[in-house]
Ligand code: PEP
Ligand code: MG
């Protein structure tokens with residue numbers, strides 16, 4: 001029988017297909033008493049033999065497809081996994097402690113990686129991620145958990161999962177992944193952002209989709225309304241098949257109409273609309289959707305899904321490619337914003353209780369100057385290939401910005417010494433996404449060439465609502481007067497210092513807020529390519545004079561609900577909003593099982 005669930009629609013569009021249930025690695029390592037340590041050691045030996053077989057297969061394939069040079073890293077993993085010192089240490093502890101082997105493996109790998117991590121040699125430190133990778137492989141064999149990946153799907157399917165990490169999503173097979181449905185996560189989680197970027201319809205926060213879906217079940221995902229139907233009735237299927245082709249046609253039409261028109265208000269103010277990108281593969285979508293530059297390039301995706309850090313050269317190639325392909329259009333490249341909900345293998349260390357408030361973004365980079373400098377060198381070298389601007393994430397105070405600039409100046413001096421060309425007057429900006437940065441926006445504005453307000457984090461931190469927690473997703477409210485006043489404050493500070501202020505959080509791609517943001521004085525909007533056509537259409541039907549009046553009224557309102565109601569009513573009937581509202585109002589009624 002059909003089961004209808006309602007979650008949070010985070011990437012628009014409809015997907016209809018068979019479910020692929022995806023098991024996210026969840027290596028919860030138990031600890032229990034085991035008397036027979038020889039039997040535990042034998043389990044370890046069997047796990048190592050299986051890991052060895054897997055790695056040998058990967059080695060052969062890598063050597064065949066990419067050459068011996070690339071395969072060498074797999075060889076290192078084989079050596080680590082079969083290392084006799086590791087086996088001896090494990091045997092000693094099994095005998096002394098009488099516990100299960102996976103606990104000992106997990107503990108030893110964590111201890112070894114902390115030692116490596118704390119050495120002075122940066123090259124040796126890079127081995128930490130390899131060790132963690134090997135450790136995960138051994139543990140997954142011991143715990144009988146398959147290491148799954150969505151990189152190569154055999155046929156078109158809808159991915160159903162309890163959760164997906166941003167790295168799982170970044171790696172997804174974009175041809176065969178028709179849609180995504182997950183139990184957990186919120187609207188501005190990086191998994192949601194990526195799904196939008198890759199134009200894969202997605203619904204998160206469904207709570208029970210993982211438990212109700214069997215592999216191969218037919219499933220409908222409506223990424224606009226947030227509905228998901230498991231084993232849909234004939235009726236539902238026919239209705240959604242029709243709606244899917246209607247939406248696709250509409251989007252094609254909107255793309256054609258809006259792409260070449262300037263992003264300009266009815267009273268002649270040009271408001272550039274730019275794209276947020278995570279991966280260079282998104283560039284063709286951005287150009288097609290009429291992006292007037294890249295307002296946010298989230299470089300951390302270059303660092304995910306790999307055991308070793310990207311080299312400076314590899315980063316240079318990626319940044320240069322993005323800059324060159326956008327020609328003279330601005331490309332704002334954000335330095336590494338790892339942490340929060342994005343973790344890479346090389347980020348070892350104790351698990352954090354509050355990762356969103358933890359070792360993230362600029363905090364991480366300032367403590368890892370080796371990684372930070374390699375990225376800045378690559379960015380500066382690429383700066384001559386196009387119109388690059390550098391932006392620092394999660395700045396919370398002047399001292400962080402100062403420290404970041406000191407590192408940048410060291411890199412500049414080094415390049416100059418070596419006569420490597422770079423753009424001398426490259427523009428430097430700060431993300432404004434921590435409430436403290438809003439309070440000191442006047443001070444920060446004097447030190448920056450531009451601001452970009454990251455509303456995803458700003459809302460998370462100012463309303464104290466974890467952006468990846470579906471339980472409190474209903475409290476994540478961009479229309480909250482507290483948030484709107486913060487935006488106004490930052491924009492005013494930018495104007496007083498005569499620097500431009502953009503918005504690059506998801507709010508910028510929601511047409512419900514376009515007129516209000518313009519009225520608040522924002523200079524440009526940057527969003528996932530999928531949002532560009534409708535926001536451009538919205539700008540084209542907005543008068544800046546009226547938008548300012550609207551902003552004034554809205555800033556006097558008492559609640560987010562009041563603001564949202566007013567925005568929805570006001571825009572009813574407008575051309576761009578007609579399309580948008582027809583999506584959300586055509587929500588099918590909630591159905592019980
Ligand atoms: C933001 O916080 O609004 C933002 C654009 O950055 P990210 O979503 O990558 O944290
Ligand atoms: Mg952010």
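Some notes on this structure:
- Peptides 274-283, 41-50 ordered by packing proxy, namely the average of other Cβ atoms within 10 Å per residue, highest first: 274-283, 41-50.
- Whole-Å distance, taken between Cα centres, linking the stretch 374-430 and the stretch 70-142: 36 Å
- The share of C-alpha pairs in the stretch 257-583 whose separation exceeds 36 Å stands at 16 percent.
- For 337, 107, the sequence from fewest to most other C-beta atoms within 10 Å is 107, 337.
- Extent along principal axes [Cα atoms of the stretch 394-545; Å; largest to smallest]: 52, 35, 30
- Centre separation in Å (Cα based) which lies between the stretch 436-504 and the stretch 259-309: 20 Å
- Crossing angle, helix 68-81 versus the chain [Cα axis fit, 0-90 degrees, rounded to tens]: 60 degrees
- Considering only beta bridges that DSSP places wholly inside the stretch 257-583, some 5 percent are antiparallel.
- Expected-Rg normalisation [2.2 N^0.38 Å, Cα atoms] applied to the stretch 217-357: 1.41
- Length gained on full extension, residue 270 to residue 176: 30.0 nm, using 0.36 nm per residue less the C-alpha separation.
- The base-10 log of I(q)/I(0) for the stretch 146-288, evaluated at q = 0.10, 0.15, 0.18 Å⁻¹, reads -0.41, -0.86, -1.15 [Debye formula, identical scatterers on Cα atoms, solvent excluded].
- As a proxy for reagent exposure, 189, 430, 140 were ordered by neighbouring Cβ count within 10 angstrom, fewest first; the result is 140, 430, 189.
- Using every pair of separate Cα atoms, the Kirkwood estimate puts the hydrodynamic radius of the chain at 25.6 angstrom.
- Values of log10 I(q)/I(0), in the order q = 0.08 Å⁻¹, for the stretch 297-454 under a Debye, Cα-only, solvent-free model: -0.22
- Between residue 474 and residue 562, the modelled labels are 2.2 nm apart [label points 7 Å from Cα along Cα→Cβ].
- Neighbour-count order for 457, 222, 54, fewest beta carbons within 10 angstrom listed first: 54, 457, 222
- Percent antiparallel among DSSP beta bridges (both partners in the chain, rounded to 5): 35 percent
- With bins 10 Å wide beginning at 0, the percent of Cα pairs of the stretch 243-325 falling in each bin runs 15, 35, 28, 17, 5, 0.
- Helix 369-382 axis, angle to the chain major axis (alpha carbon atoms, nearest 10°): 50 degrees
- Radius, Kirkwood style, for the stretch 215-284 when every pair of distinct Cα atoms is counted (Å): 15.8 Å
- The Cα atoms of the stretch 37-142 cover 44, 34, 19 Å along the three principal axes, with the biggest extent listed first.
Readers should treat all values here as calculations from the given coordinates under stated rules, not as data from a laboratory. Bear in mind that the values here come from a model prediction, so they are computed numbers and not experimental data. Cβ atoms come from the backbone with ideal geometry, glycine included; neighbour counts cover every protein chain shown.
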